[in-house]
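This report concerns only the one structure given below.
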Amino acid sequence: MNAEALAFYALAAMVVVGGGLVVQSRNLVHAAVSLVPTLLGVAGLYVLLHAEFVTAIQLLIYVGAITVLILFVILLTEGATGLRVPQRNEQVPLALVVSGALVLLLWAVLLRVPWGPPAGTLPPYNPGAVGRSLLMPYVLAFEVTSLVILACLVGAIVIARREE
Amino acid sequence: MGVGGLLAAVWQVEIVRMVVLAAVVFTFLAVGGPLFLVLAERKISAWIQARVGPKHVGPHGLLQTVADTLKLLYKENILPHRADVVLFSVAPILVAVAALLDWVVIPFAPGWVVRDLNVGVLYFAAVSSLTVIGILAGGWASNNKYSLLGALRSAAQMVSYELPLGFSLILVATITGTLSTVRIVEAQPYPAYLYPSVVVAAVVFLIAATAEANRIPFDLPEAEAELVAGYFSEYTPMRFALFQLGEYGSLLASSALFTTLFLGGWKGPFQIPGVGPVVDGLVWFLLKTYAVVFFLMWVRWTYPRLRIDQLLGLSWKVLLPVSMVNLLVAGLLVVVR
Amino acid sequence: MNWADLRWLVPELVLSAAAVLLLVADLFTPAERKRWLGWFAVASVVPAAASAVILLGDLQALRSPGVRIFSDTYTLDAFAVYFKLVALGAVALVSLVSLEYFPGRTPHLGEVFALLLFAGVGLLLMASASDLILLLLSIEFVSLSSYLLAGFLKRDPKSNEAGVKYFLYGAATTGVMAYGFSLLYGLTGSTSLYDIGPRLGQAGPAVYLAVGMALAGFGFKVSMVPFHQWTPDVYEGAPTPITAFLSVGPKAAGFAALVRTLSVGIPLEQVNWPLLLAALSALTMTVGNLLALVQRNLKRMLAYSSIAHAGYVLMALAAWRSPWALQGLLYYLLAYLFMNLGAFFVAMVAADATGSDEIPDHAGLSQRAPWVAAAMAVFMLSLTGIPPTAGFFGKFYLFAAAVDAGLLWLAALAVANSVVSLYYYVGVLRALYLMPPATPGPLPVPAGLRAGLLVALVGTLAAGLYPQPVVLFVETARRLLTG
Amino acid sequence: MIGLSHYLVLSSLLFGLGLYGVLTRRNAVAILMGIELMLNAANVNFVAFTRFVDPTFVRGHVAALIVITLAACEAVVGLALVINAYRHLETVNVDQVDLMKG
């Protein structure tokens, strides 16, 4: 077994076990904290895929901001007190069948696809390349993102703030 | 494949190597560092308050921290009533590990860096946010409302100060055109026409880093009078020591990063005669880093604590707008030149 | 990037600038003057619409079917301009009636109008996006603004519930759609619809899977069964002007994006999507209609009716091989804009008087506000599809397209559904005209609402009595999209 | 050798887990966590496809970055709505929130 395979399987285990805990934990704080290994595992996969910049952003935004925000809201609402309430609805068997079937379907279909061969040699995926891509072909998407963030920020503050 | 083979394979995994090397650095610098820092802090505070400070254990009290640590190790480990065992144990480790991971991207001397990441500066910002999760988890797991309140305050504070900190980092990246810490050091000194911007960014960074490390005047999370000891009030010796380790570790790491970004890192004003470039770089780097640490301690023992609303207001209403305008100005200057 | 390309973005730029300006102006406007912000929002739509029309002229002068800019991520053609005008119409009319609705209900007027304009920018982008990344982004732009608007009345528990439910359904479908988009990218190695089309080679079932997952996102926006469950709760709970907006703006733009994605990005030879959509169309119109039958709440009834109408419009995609299909879709969405907005505006008038959205509480509106009741009659008849209203022409087009494409069964089902719908639409009129009012006396109608109603009424009748200009425009747009 | 199929198997599994969470959770925040897993699965795909199918351009990286940003916006908007709803309805369990029926 080479290093890449070892790393991949370790990270995959982290992602799957962590993800399982996220959806399965009775305790919501545990579920939220389990997001950390899951998201870190995904960040590790990005390292294996030579996507350094995406890794950094994954750590910064997903682990650093989104998880913290989720944890915060759980602690502010029912996280500390809601432990006696059942956390799952009565759809468990149905959901198990639906998502299980979907995963099997995805496997069955995706593993048979003759995925296109790499078009060329691997270029250096440094932050510069991603930056140029963001600011040249995808500049419109990039600029629109800033508007989206502005709209969300303003709206979320109005909604979340306590009225005097 | 035997155990040896497996170990060899594990060693080939870059992440593993990174973490192990960072741990080695951390042990030498940060674990040695906090032992020394705690003593230094007590001595400096004593000096500021015209006291003597610890002096009986070892010559001039040099071994005081060692004795304290041994005492901590001997103490009983208490688990609070109905605490969440898993999270209670994991939280301090998370905080300590986050402080450890910071050291991956700090360059000590030419060529002496655990890993020169392409995205080093971003990495630093990202890893330090792991601490927040550790603190929130620890505060909640203690099953104590003071701990929880302390943790929430701490998280709010760290998240608010991450933004101005990030803007300072981006400013440096804009000027140097790179996110790699090594190349940032190499790019210094910065061109003179950018000095005003750099100074503003440095000041913002210093304030934000102090707040990130939860130190006075930003140490609200553990405001002793209001919240007992904050998020770690329920923590007993070993785990408490891990939290302390994380706190001092991140103080040291922030100082080291400040040195890297704004004080020229390993570059000294002159070459120390008779030593190689590595020793020279190391000496200058440590000298500057500890000077920053000293400055922060000085501040801690001089200024009173801010109130929570003042604290968050300072970040959102002062530091953030200032650093945004600053970034805009610097960006324009870079483009125009 | 070419600076000159920016001129094709003028409508978006105008609207974004207006939104940002509005936010800044909000800071300096005293509370009693905040209504001016609403007028500003309405006014800012005018230059945006005017520039869209001018751009259309430029396109014709260039004799080009459409321009693709920013590495093909953005396409401006007559099809896009058409939907931009529809979206801008929705934004303007909804802002107009919001002027009468939100003051007194929330102190944050500036943010309401700013969010409406932001949602408008998203709609404009959706009409033009021709790249998976921009498509995802613009759909999310509209969605996120809509979640916030739906939950905007902070003290109203129903509005809270609407916001949370809308968000949860929307975010989940975004997740599915993003996964579908990632598969499309993987199958073709590109995010541009223009590349994806030709490159979707011998992939087989994977393409179906990818398209199916991508459809979840569009299906959510246009409330297509089985992604419709959010619709009744959100329509009932959201502030009524916002409900009106959701029922026309995002729906029209969702169809625009769906049409562009399927017609440009997914070749008919690779995926038989018309057949898939025929099934979904049949399901959607039937489910919507049957559930609408049992509703007593006017907003809820209109919610199910809007699901049914999504089903009718989907017929156009099912009958894509017919040249009438796209015309029908375009025409119908314009008609739907006027008649559905009008119906919601009447609901606002009545609810203002009685404080209730239940249909029986609207009893006797014909005696208290005869003109409003008459307008409602027109809207209800138009929604049913009775001549000479716009709804009739729209349905006529769509049915013709279905028959033309050999989907007789679908056309028959649609006719049957229309007959069923007569029952609940006329039920509203029965309450309005035949039942006595609980409290007599004339009902005051605020000016903004009156203006909005008038525009909707004129639109519904004009498009029905004199459809030629619209038909001409629609025909041009069709030729430009399909070449 | 780790190839594209390894990543696809993993991302489908992650997506399935997320979907399961979305379908079974009662708490709004917990549903949001499931959604985050789904978005991460899509991102793993985007980045893996860049590496194995489309290596000359970094389109997948850009897509992943945009999705991450959108996820952050969603979290902000969703949690604001949840916090506000919690103040008035005193629950964040979606099946207990049913003022409207029909």
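The values are calculated or read from the model by the stated rules, or taken from the named source; none is laboratory data. Computed from a prediction, not measured in an experiment: that's the story for all the values here. All Cβ positions, even for glycine, are placed from backbone atoms using ideal geometry, and neighbour counts span all protein chains on display.
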Matching entry among C:VAL264, C:VAL211, C:VAL294 (being surrounded by fewer than 24 Cβ atoms within 10 Å (Cβ to Cβ), outside any helix (DSSP H, G or I) and among the hydrophobic types (A, V, I, L, M, F, W, C)): C:VAL294
Hey, B:LEU282 at pLDDT 80 or above and within 20 Å of the chain's Cα centre (by Cα) or not: yes
Positions within region D:24-71 being closer than 23 Å to A:MET136 by Cβ and in contact with an Asp or Glu (Cβ under 7 Å, 6 or more places away or on another chain), in sequence order: D:GLY60, D:LEU70
Filter result for C:ALA238 (within 30 Å of C:GLU100 (Cβ to Cβ), at pLDDT 90 or above and more than 14 Å from chain D (Cβ to nearest Cβ)): no
Subset of region C:249-308 that is more than 21 Å from C:GLY328 (Cα to Cα) and of a type in the set (Lys, Arg) - its residue that is modelled with the lowest pLDDT: C:ARG296
Residues of region C:427-458 satisfying the condition of being surrounded by 14 or more Cβ atoms within 10 Å (Cβ to Cβ) and either within 22 Å of C:ALA310 (Cβ to Cβ) or among the basic types (Lys, Arg) (or both): C:GLY427, C:VAL428, C:ARG450, C:ALA456
Qualifying residue in region C:339-355 (condition: over 25 Å from C:ALA90 (Cβ atoms), out of contact with any strand residue (DSSP E or B) (no Cβ under 7 Å at 6 or more places or on another chain), of a type in the set (D, E, K, R) and assigned to a helix (DSSP H, G or I)): no
Verdict on D:VAL9 being without any contact (Cβ under 8 Å) to a residue 12 or more places away in the chain, under 26 Å from A:PHE142 (Cβ atoms), surrounded by fewer than 24 Cβ atoms within 10 Å (Cβ to Cβ) and of a type in the set (A, V, I, L, M): no
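Here's the yes/no breakdown for (1) crowded, with 24+ Cβ neighbours inside 10 Å; (2) modelled with pLDDT of 90 or more:
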residue	(1), (2)
C:LEU85	no, yes
C:VAL94	yes, yes
C:VAL97	yes, yes
C:PRO103	no, no
C:HIS108	no, no
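For (1) without any contact (Cβ under 8 Å) to a residue 40 or more places away in the chain; (2) surrounded by fewer than 24 Cβ atoms within 10 Å (Cβ to Cβ); (3) among the small types (Gly, Ala, Ser), each residue gets a yes or a no:
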residue: C:TYR312; (1), (2), (3): no, no, no
residue: C:ALA318; (1), (2), (3): no, no, yes
residue: C:PRO323; (1), (2), (3): no, yes, no
residue: C:TYR332; (1), (2), (3): no, no, no
residue: C:ALA335; (1), (2), (3): no, no, yes
residue: C:MET339; (1), (2), (3): no, no, no
residue: C:GLY342; (1), (2), (3): no, no, yes
residue: C:VAL346; (1), (2), (3): no, no, no
residue: C:VAL349; (1), (2), (3): no, no, no
Members of region C:172-208 found to be part of a loop (DSSP other than H, G, I, E, B) and within 11 Å of chain D (Cβ to nearest Cβ), listed by number: C:GLY189, C:SER190, C:THR191
Neighbours by Cβ (under 9 Å, 6+ apart or cross-chain): first from region D:31-42, free of Cβ contacts under 8 Å to residues at least 24 places away in the same chain; second of a type outside the set (A, V, I, L, M, F, W, C) and surrounded by fewer than 24 Cβ atoms within 10 Å (Cβ to Cβ): D:MET33/A:SER34; D:GLY34/D:THR24
Conditions (1) at pLDDT below 90; (2) over 24 Å from D:ALA48 (Cα atoms); (3) more than 10 Å from chain D (Cβ to nearest Cβ); (4) in a helix (DSSP H, G or I): number failed by C:VAL225: (4)
Per-region count, region C:272-289, residues surrounded by 20 or more Cβ atoms within 10 Å (Cβ to Cβ) and not in a helix (DSSP H, G or I): 0
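Confirm whether B:LEU169 is within 23 Å of A:LEU69 (Cα to Cα), in contact (Cβ under 8 Å) with a residue 40 or more places away in the chain and assigned to a helix (DSSP H, G or I). I'd like the intermediate steps shown before the answer.
Values: within 23 Å of A:LEU69 (Cα to Cα): yes; in contact (Cβ under 8 Å) with a residue 40 or more places away in the chain: yes; assigned to a helix (DSSP H, G or I): yes.
It is true that B:LEU169 is within 23 Å of A:LEU69 (Cα to Cα), in contact (Cβ under 8 Å) with a residue 40 or more places away in the chain and assigned to a helix (DSSP H, G or I).
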Selection from region A:127-142 of residues that are at the interface with chain C (Cβ under 9 Å from one of its Cβ atoms) and part of a helix (DSSP H, G or I): A:LEU135, A:VAL139, A:LEU140, A:ALA141
Any hit, region C:221-233, residues being under 16 Å from C:THR261 (Cα atoms), surrounded by 24 or more Cβ atoms within 10 Å (Cβ to Cβ) and either hydrophobic (A, V, I, L, M, F, W, C) or in contact with a Pro (Cβ under 6 Å, 6 or more places away or on another chain) (or both): yes
Residues that are surrounded by fewer than 24 Cβ atoms within 10 Å (Cβ to Cβ) and among the charged types (D, E, K, R), drawn from region D:24-53: D:ARG26, D:ARG51
Test: residue in region D:52-62 that is at pLDDT 90 or above and more than 7 Å from chain C (Cβ to nearest Cβ): yes
Complete set of residues in region C:97-119 that are away from chain A (no Cβ under 11 Å) and either under 18 Å from C:LEU13 (Cα atoms) or touching a residue at least 24 places away in the same chain (Cβ under 8 Å) (or both): C:VAL97, C:SER98, C:LEU99, C:GLU100, C:TYR101, C:PHE102, C:PRO103, C:ARG105, C:PHE113
Residue count, region A:16-37 (criterion: buried (at least 24 other Cβ atoms within 10 Å of the Cβ) and facing chain D (nearest Cβ under 7 Å)): 7
All positions within region C:133-184 that are closer than 30 Å to D:VAL53 by Cβ and not hydrophobic (A, V, I, L, M, F, W, C): C:SER138, C:GLU140, C:SER143, C:GLY170, C:THR173, C:THR174, C:GLY175, C:TYR179, C:GLY180, C:SER182
Search result, residues across region B:116-126 that are closer than 15 Å to A:ASN126 by Cβ and not polar (S, T, N, Q): B:ASP116, B:LEU117, B:VAL119, B:GLY120, B:VAL121, B:LEU122, B:TYR123
